[in-house]
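First the structure, in the form of structure tokens, and then the observations on it.
A short reminder: the numbers here are calculations on the coordinates, not readings from a lab. Please read all numbers here as calculations on a predicted model, not as lab measurements. Positions of Cβ are generated from backbone atoms using ideal geometry, with glycine treated the same way; all protein chains shown enter the neighbour counts.
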Amino acid sequence: MIFRPIFADRADAGRRLAAALSHLAITHPLVLALPRGGVPVAFEVARALGADLDLLLVRKLGVPGHPELGLGAVVDGAEPQLVLNDILIRTLALTPDYIEAELRRQLIEINRRRSAYLGDRVPPPMTGRTVIIVDDGIATGGTMKAALRGARKNRPARLVLAVPVAPREALTELESECDELVCLAAPDPFYAVGAHYGNFDQTSDAEVMSLLAKARIDGRATLTD
């Protein structure tokens, strides 16, 4: 059997995803991209929907001596939100002082990355808006779950998850975290996100900044100041 990619590249995926989200254009949504790979997809969505475009940065809070093990995550926004794994925190007897220090460290990194991509522009508020969180695909769903939970704490009117491709089991885990889930394909077997793209080259910082600049001056997709 010959395996054929579903999408030519991220821009193609974004245009096709935008068509599936066209019913939300009337709400003038806020499109939030997970960098870096989610930005080319989200750019096409925002442009087609006439939506505001911004980034949603998510940073894992690491366990002492094991930074790859997450005790939670902090999610960027006008009001950054902390999502914690309470069971892990109790099991490891992590102190509030440690959690606070790790939170500050990750917020510094979020601010550094936001400044690098967006200069001094502040995150737009999510409260009362239709918010669409976009990535180029989902593998396990852990980062996206934190992103959705953090965004939910900002009280959007409607929270939408939109991705071109994801495994069915991840979608099942995430559908209760949002008000609407739009995914164009859930192949089985899944393999990996990149397997479903003809071109899945790494998205560079330069490309991210270029697309955000285009969004800011494009009359159809405005980057919120």
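So the values come out like this:
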item: Tyr191, Tyr98, Tyr197 arranged by Cβ crowding within 10 Å, fewest neighbours leading; result: Tyr191, Tyr98, Tyr197
item: Magnitude of the charge dipole, segment 21-117, Cβ model with Lys/Arg +1 and Asp/Glu -1, debye to 20; result: 240 debye
item: Estimated FRET transfer efficiency (Asp179, Thr127; beta-carbon r; R0 22 Å; 0.05); result: 0.90
item: Rg to Rh, two decimals, where the chain supplies the alpha carbon set and Rh follows Kirkwood; result: 0.97
item: Packing rank of 198-211, 75-88, 133-146, 35-48, where each peptide gets the mean count of other beta carbons within 10 Å, highest leading; result: 35-48, 133-146, 75-88, 198-211
item: Stretchable slack from Ala192 to His28, in nm (0.36 nm times residue separation minus alpha-carbon distance); result: 55.8 nm
item: 18 Å cut-off, amide nitrogen to a point 7 angstrom out along Arg155 Cα→Cβ, residues in segment 58-95; result: 77-82
item: Extension gain (nm, one decimal) between Ile6 and Asp218, 0.36 nm per residue minus Cα-Cα; result: 73.5 nm
item: Helix 96-118 vs. the chain, principal-axis angle (Cα, 0 to 90°, nearest 10); result: 30 degrees
item: Inter-label distance for Ala93 and Glu169, nm, one decimal - labels placed 7 Å from Cα along Cα-to-Cβ; result: 3.4 nm
item: Mean residue ellipticity (222 nm) of the chain, computed from DSSP H runs ≥ 4 via -39,500 (n - 2.57), nearest 500; result: -11500 deg cm²/dmol
item: Lysines with Cα under 25 Å of Lys145, excluding same-chain neighbours fewer than 8 positions away; result: Lys60, Lys153
item: 0 to 90° range, to nearest 10: angle between helix 142-152 axis and the chain longest Cα axis; result: 90 degrees
item: Charge-dipole axis of segment 94-225 as Lys and Arg at +1 and Asp and Glu at -1 on Cβ define it, positive-most pick from Gly119, Leu184, Tyr197; result: Gly119
item: Angle between the chain longest axis and helix 38-49 axis [Cα atoms, degrees, rounded to 10]; result: 50 degrees
